[in-house]
Amino acid sequence: MGIPKPSDEVVQVRHGDVAGEPTVVSISCPDKTGLGCDLCRLVLLFGLNIVKGDMSTDGKWCYIVLWVVARPGRPMRWDLLKDRLVHLCPVAAPFAFDAAAAASPQVFLLKFCCYDRIGLLHDVTRALCELELTIRRVKVSTTPDGRVLDLFFITDARSNPSYDICNDFRELLHTKNRREETYEKLQSVLGDSLTSCEIESATEEMSSCLQASALLPHSAVEQMFNVEVVEEQSRSCGSLSVAMDNSLSPVHTLIQIQCGDHKGLVYDIMRTLKDCNIQISYGRFYASQNGSCEVDLFAVQSDGKKIIDQNRQRALCSRLRMELHRPLRVALVNRGPDTELLVANPVEVSGKGRPLVFYDITLALKKLHKRIFLAEIGRHVVGDREWEVYRVHLGEENHELSSSLRSKIVDGVTNMLMGWDSPS
């Protein structure tokens, strides 16, 4: 399948001629810093895997083509993906709208009480994703009588003011109709076990809870965030290679990456380069059926010059290796009488976290038949980086797990997050 020709349409979605063939998503729009990262993040949010990609820009206009396949078991709304991609793309003058300058989305508190069961939290998380509600923070607690009190701090993806440009007038969460839609969705998932459900605008005091979180155990910090250990592991990984070459182009540095595939791989590359102020002029990505990937990127620094400094080259190669070797950190630790699962992912410099992490954690635990007694999402600064940390308490019954069962939980969650397990 060849590269489609550019069109006057900002975003084009063309499905394969036969079943199983990738869908081709083409974006042609004015360029902006970090656009490739934002687009790949949205593709990941919709549960799509990028199997091939081409991108080019002259600094003013960019053209990006992504060959994507949908994850099995999840409904795919291609029309909604197209609308969201259009929203991310800058609009050429005189119709320009600076989405970055828009006000932060309003935070709402979703509070409900129901009876516990295995897989409950994942079923609720899936329902919220289908409603386009973004989970910013969650607190879940289970009472001795088997009831669960869930507090979800959420934002409504439909509330973005630039949707008006796309002529999208769907109901927003502060309206009666949108709230009733949410109630009905949760009722269909929870059934008669749902005893109460409320949605209210989060006050400033409530919103401050988004930043407040208990300190991480020292042992967990050493286990998950030891830079020297992660760097050494990435260097010893035979299937991962990152190299730079300044001899093939008079104005660009060629960054060549060979690695194994994982869910969100292109996003991990793009967010790393974005955070390091590296701009891509031309790039190509290809994932083979045996799970290996090849990436060629012609890039420059933010000043438009090649990456010449040797220390800068070594630092960037090391950062890319670590981000691709362990884009997420997973650990299982003891916390008093309970066993606690910790999952951490780096936060972009822009403040955005990785999408669908909580979705995948709860799905993995559901498949492992593990109950969740407490859960929360918080942000922590470790060293010079901010991390989004998911803390899940599995209860006292899992305190004395054998090493093989602990490994099974860690491997099951890791495989789900990395896309190495078949989702359902």
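Which shape class applies to the range 257-401: rounded if a/c is under 1.5, otherwise prolate when a/b exceeds b/c and oblate if not, where a ≥ b ≥ c are the square roots of the Cα gyration tensor eigenvalues?
It comes out prolate by the Cα gyration axes.
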Cross-link table Lys32/Lys60; Lys111/Lys367; Lys139/Lys263; Lys111/Lys176; Lys139/Lys176; Lys185/Lys367, entries beyond 19 Å C-alpha to C-alpha: Lys111/Lys367; Lys139/Lys263; Lys139/Lys176; Lys185/Lys367
Short version: ³J(HN,Hα) in whole Hz for each residue of the range 368-382, in order, from phi by Karplus 6.51 cos²θ - 1.76 cosθ + 1.60 (θ = phi - 60°), x for Gly and Pro, what are they? 8, 6, 10, 7, 10, 9, 9, 8, 7, 10, x, 10, 9, 9, 10
State, as an integer percentage, the relative contact order of the chain based on alpha-carbon contacts under 8 Å between residues 6 or more apart. 17 percent
Would you please give the FRET efficiency between Ser318 and Lys185, computed as 1/(1 + (r/R0)^6) with r the Cβ-Cβ distance and R0 = 35 Å, to the nearest 0.05? 0.20
Ordering His218, His252, His15, His122 by how much accessible area each has at a 1.4 Å probe, largest first, what is the list? His218, His15, His252, His122
So how do His262, His369 rank on accessible area, 1.4 Å probe, biggest first, that is with the largest at the start? His369, His262
I'd like the accessible area for Ser104: 1.4 Å probe, protein heavy atoms, all chains in place, Å² to the nearest 10. 100 Å²
For Val347, which sequence-distant residues (separation of 5 or more, or a different chain) have an amide H within less than 5 Å of its own amide H, given hydrogens modelled in the peptide plane? Glu386, Trp387, Glu388
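May I ask for the net charge around Ile308, where only other residues with Cβ less than 13 Å from the Cβ of Ile308 are counted and Lys, Arg are +1 while Asp, Glu are -1?
+1
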Area accessible to solvent at Val349, 1.4 Å probe radius, in Å²: 120 Å²
Projecting each Cα onto the charge dipole of the chain (Lys/Arg +1, Asp/Glu -1 at the beta carbon, about the Cα centre), which of Ser350, Asn415, Thr203 comes out farthest on the positive side? Asn415
If you count only protein heavy atoms and use a 1.4 Å probe, how large is the accessible surface of Phe285, to the nearest 10 Å²? 10 Å²
For labels at Ser288 and Ser403 in the simple 7 Å Cα→Cβ model, what's the distance in nm? 3.6 nm
Which option, (1) 0.99; (2) 0.96; (3) 1.08, is the value of Rg/Rh (Cα atoms, Kirkwood Rh) that was calculated from these coordinates? (2)
Rounded FRET efficiency, nearest 0.05, which uses the C-beta distance separating Asp54 from Asn177 and R0 of 45 Å: 0.60
Taking R0 as 22 Å, what's the FRET efficiency between Asn226 and Lys352 from their Cβ-Cβ distance, rounded to 0.05? 0.30
Which order do Thr142, Thr253 take when ranked by solvent-accessible area (1.4 Å probe, heavy atoms of all protein chains), largest first? Thr142, Thr253
Summing -39500 (n - 2.57) over the DSSP H runs of n ≥ 4 in the chain and dividing by its residue number, what mean residue ellipticity at 222 nm do you reach, to the nearest 500 deg cm²/dmol? -9000 deg cm²/dmol
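Would you mind counting up the charge near Gln256? Only other residues with Cβ under 14 Å from its Cβ, with Lys and Arg at +1 and Asp and Glu at -1. Intermediate values should be presented prior to the final figure.
Details: positive: Arg284, Arg321; negative: Asp245, Glu294, Asp296.
Counting the neighbours of Gln256, the net charge comes to -1.
The values are calculated or read from the model by the stated rules, or taken from the named source; none is laboratory data. Fair warning: this is a prediction, and the values are worked out from it, not measured in the lab. Note that each Cβ is placed from the backbone with ideal geometry, even for glycine, and that neighbours are counted across all protein chains shown. For accessibility, only protein heavy atoms count, side chains too; no ligands or nucleic acids. Shrake-Rupley method; radii C 1.70, N 1.55, O 1.52, S 1.80 Å.
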